[in-house]
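Undergrad: What follows is a single structure, and I will ask about it in a moment.
The values are calculated or read from the model by the stated rules, or taken from the named source; none is laboratory data. Predicted model, so just to flag it, every value in this text is computed and none were measured. Here the Cβ is made from the backbone with ideal geometry for all residues, glycine too, and neighbour counts use every protein chain on show.
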Amino acid sequence: MKIAYLVSQFPETFETFILREIAELSVREIQVEVFSLKVCRDKIVHEEAKNLADKVHYRPFVFSFAVFGATLAFLLSHPLRWLHALWVALSADFNLRSLNHTGIRIAKNLAVFPKSCSFAWAIRSGGFRHLHAHWANTPTTAAMMISILTRVPFSITAHAFDIYKDRPRLGPKLRTARFVVTCTDYNREYLQALAPNKSDKIYLNYHGLDPELFCHTAPRLADPLRLLAVGRLTQTKGFFDLVEACAQLMKAGVAFECTLVGDGELRRELEAAVVKHKMSQVFQIKGVIGQKPLRILYETADIFVMPSVVAADGDRDGIPNVVLEAMAAGLPIVATQISGLPEAVEDGRNGLLVPERSASRLAEAIQILARDSDRRDQMGKASRARVMEQFVLETNISELVDIFEKETVA
């Protein structure tokens, strides 16, 4: 089976779950090639992505002979399909309640339209049987256009902001797709409510990882307590609550060091908050790092903290991949009880769950574990066991292959 994967950008530093999925599928009976709407300009490119470089297709925008030629060729050979695809670019993300954002989305879709024509030409000539889009926003709109032009069916993997924030006319996209995959049961129930007639075609497939890449070590008994948090520095991660919780820990006399790995739009504000609380000696923001140095941080940490929140615009996490990595490394988790997090972190078993936007409850949970190294050890072992139960990459990709085979044969 030959499948075209359509993504916004490949590789993408923070989207290791897509990288792992494609890499694992590539060693199965499924042939996967990646069609990336944007060229990767990330400073950090994971080694696994470099091994897939020969399977990735890029295109410039309209100012190239290949893109212009494919667009013109479809217009001349299949004018009705071409007009239908153009209509999708204009209408797929139209929303009367948000005309400003609608204009931006339509402009983006029109910019992607010629590139979609070029990808459609390559997909048709390459003998691909199926098209799969990661993210239900622009990549899915592009997949709809390509499917119209080629008559190749498409499917979607929906994740987080693409269904809760950037979601105009999501229902029609779900109904048009051959099937839909999502990474949490929380998401699946939400999507089934949007497209009840498609509920039997909306599948749960958890992201997975190779647990052997993450070493579980015995808990450290010496002070200071080492806290670790990882993620994009955006509103949904709730890292301001982590800074405030750490300030409360310091006032309570808890000896700790906190490392926050990540970068993003809120970095300067977070750094200012750390300085305001006079925690520069104990709270470090490291920026983005590669997988190998990150694994070392997992091995030397005592507690992993994920204080995710639902943003004012509805955006939220699913199950952050870094939570699964920390669990595989045998860390107890302190996290908020939103979205799909309780599907990975079982309160009292492999971590502690607290309400979102509550720095005091976050600090309290960290203090509970800080005082009890035996409990941290028990929860760390339970974390790794939970990964082995539900989040092993090889097992979950086998389930995804079964979905592809079932639905593409149908």
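Undergrad: Identify, from the list 318, 290, the residue that is touching a residue at least 60 places away in the same chain (Cβ under 8 Å) and touching a helix residue (DSSP H, G or I) at 6+ places or on another chain (Cβ under 7 Å).
TA: Of the residues listed, the single one that is touching a residue at least 60 places away in the same chain (Cβ under 8 Å) and touching a helix residue (DSSP H, G or I) at 6+ places or on another chain (Cβ under 7 Å) is 318.
Undergrad: Looking at (1) over 16 Å from residue 226 (Cβ atoms); (2) assigned to a loop (DSSP other than H, G, I, E, B); (3) over 17 Å from the mean Cα position of the chain (by Cα), which is the only condition residue 330 fails?
TA: With (1) over 16 Å from residue 226 (Cβ atoms); (2) assigned to a loop (DSSP other than H, G, I, E, B); (3) over 17 Å from the mean Cα position of the chain (by Cα) applied to residue 330, the lone miss is (1).
Undergrad: Still on this model: Identify, please: which residue in the range 22-47 is buried (at least 17 other Cβ atoms within 10 Å of the Cβ) and farther than 25 Å from residue 108 by Cβ and is, among those, farthest from the chain's Cα centre (by Cα)?
TA: 30
Undergrad: If you don't mind, another one. Could you tell me whether any residue of the range 313-327 is at pLDDT below 95, small (Gly, Ala, Ser) and assigned to a loop (DSSP other than H, G, I, E, B)?
TA: Looking for residues that are at pLDDT below 95, small (Gly, Ala, Ser) and assigned to a loop (DSSP other than H, G, I, E, B), one finds at least one in the range 313-327, hence yes.
Undergrad: Test residue 386 against the stated conditions and say whether it is more than 30 Å from residue 23 (Cα to Cα) and of a type in the set (Lys, Arg).
TA: The answer is no for residue 386.
Undergrad: Quick one: is residue 285 part of a loop (DSSP other than H, G, I, E, B), aliphatic (A, V, I, L, M) and under 24 Å from the mean Cα position of the chain (by Cα)?
TA: Judged against the criteria, residue 285 is not a match.
Undergrad: Criterion first (assigned to a loop (DSSP other than H, G, I, E, B), under 18 Å from the mean Cα position of the chain (by Cα) and assigned by TED's automatic domain parsing to the domain that holds residue 224) does residue 310 satisfy it?
TA: When the stated conditions are applied, residue 310 passes them.
Undergrad: Need the failing condition index for residue 337 against (1) in contact with a strand residue (DSSP E or B) (Cβ under 6 Å, 6 or more places away or on another chain); (2) assigned by TED's automatic domain parsing to the domain that holds residue 25; (3) of a type in the set (S, T, N, Q), just the number.
TA: Here residue 337 meets the rest and fails (2).
Undergrad: Just to verify a result, which residue in the range 125-137, among those that are over 13 Å from residue 35 (Cα atoms) and not aromatic (Phe, Trp, Tyr), is farthest from the chain's Cα centre (by Cα)?
TA: 125
Undergrad: Here is a follow-up. Taking into account only those residues within the range 258-311 that are of a type in the set (S, T, N, Q) and out of contact with any Pro (no Cβ under 8 Å at 6 or more places or on another chain), which is surrounded by the fewest Cβ atoms within 10 Å (Cβ to Cβ)?
TA: Taking the candidates together, the pick is 281.
Undergrad: Tell me, please, whether a residue that is assigned to a helix (DSSP H, G or I) and more than 30 Å from residue 233 (Cα to Cα) can be found in the range 29-43.
TA: No, the conditions are met nowhere in the range 29-43.
Undergrad: Within the group 34, 7, which residue is modelled with pLDDT of 95 or more and over 19 Å from residue 208 (Cα atoms)?
TA: Within the list 34, 7, the selection yields 34.
Undergrad: Can I ask one more? Can you find a residue that is in contact (Cβ under 8 Å) with a residue 12 or more places away in the chain, surrounded by fewer than 23 Cβ atoms within 10 Å (Cβ to Cβ) and among the charged types (D, E, K, R) anywhere in the range 321-334?
TA: No, every residue in the range 321-334 fails to be in contact (Cβ under 8 Å) with a residue 12 or more places away in the chain, surrounded by fewer than 23 Cβ atoms within 10 Å (Cβ to Cβ) and among the charged types (D, E, K, R).
Okay, residues lined up against (1) in the same structural domain as residue 293 (by TED's automatic domain parsing); (2) more than 24 Å from residue 299 (Cα to Cα); (3) in a loop (DSSP other than H, G, I, E, B); (4) touching a Ser or Thr at 6+ places or on another chain (Cβ under 7 Å):
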{"position": "187", "(1), (2), (3), (4)": "no, yes, no, no"}
{"position": "200", "(1), (2), (3), (4)": "no, yes, no, no"}
{"position": "215", "(1), (2), (3), (4)": "yes, no, yes, no"}
{"position": "228", "(1), (2), (3), (4)": "yes, no, no, yes"}
{"position": "233", "(1), (2), (3), (4)": "yes, no, yes, no"}
{"position": "240", "(1), (2), (3), (4)": "yes, yes, no, no"}
{"position": "244", "(1), (2), (3), (4)": "yes, yes, no, no"}
{"position": "270", "(1), (2), (3), (4)": "yes, yes, no, no"}
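Undergrad: Could you run through the range 106-129 and say how many residues are among the β-branched types (Val, Ile, Thr) and surrounded by fewer than 21 Cβ atoms within 10 Å (Cβ to Cβ)?
TA: 1
Undergrad: Return only the number of the condition from (1) farther than 22 Å from residue 376 by Cβ; (2) among the β-branched types (Val, Ile, Thr); (3) in a loop (DSSP other than H, G, I, E, B) that residue 274 does not satisfy.
TA: Residue 274 satisfies all of (1) farther than 22 Å from residue 376 by Cβ; (2) among the β-branched types (Val, Ile, Thr); (3) in a loop (DSSP other than H, G, I, E, B) except (3).
Undergrad: While we're looking at this one, here's another question. Restricting the range 211-234 to residues that are among the basic types (Lys, Arg) and modelled with pLDDT of 95 or more, which is surrounded by the most Cβ atoms within 10 Å (Cβ to Cβ)?
TA: It comes out as 232.
Table: residues versus (1) of a type outside the set (Asp, Glu); (2) over 24 Å from residue 291 (Cα atoms); (3) outside any helix (DSSP H, G or I); (4) in the same structural domain as residue 26 (by TED's automatic domain parsing).
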| residue | (1), (2), (3), (4) |
| --- | --- |
| 353 | yes, yes, yes, no |
| 357 | yes, yes, yes, no |
| 362 | yes, yes, no, no |
| 381 | yes, no, no, no |
| 404 | yes, yes, no, yes |
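Undergrad: Just checking, does the range 353-363 include any residue being of a type outside the set (S, T, N, Q), surrounded by 19 or more Cβ atoms within 10 Å (Cβ to Cβ), over 23 Å from residue 190 (Cβ atoms) and under 22 Å from the mean Cα position of the chain (by Cα)?
TA: No, the range 353-363 contains no residue that is of a type outside the set (S, T, N, Q), surrounded by 19 or more Cβ atoms within 10 Å (Cβ to Cβ), over 23 Å from residue 190 (Cβ atoms) and under 22 Å from the mean Cα position of the chain (by Cα).
Undergrad: Take residue 59 and tell me if it is among the charged types (D, E, K, R), over 25 Å from the mean Cα position of the chain (by Cα) and either surrounded by 13 or more Cβ atoms within 10 Å (Cβ to Cβ) or part of a loop (DSSP other than H, G, I, E, B) (or both).
TA: No.
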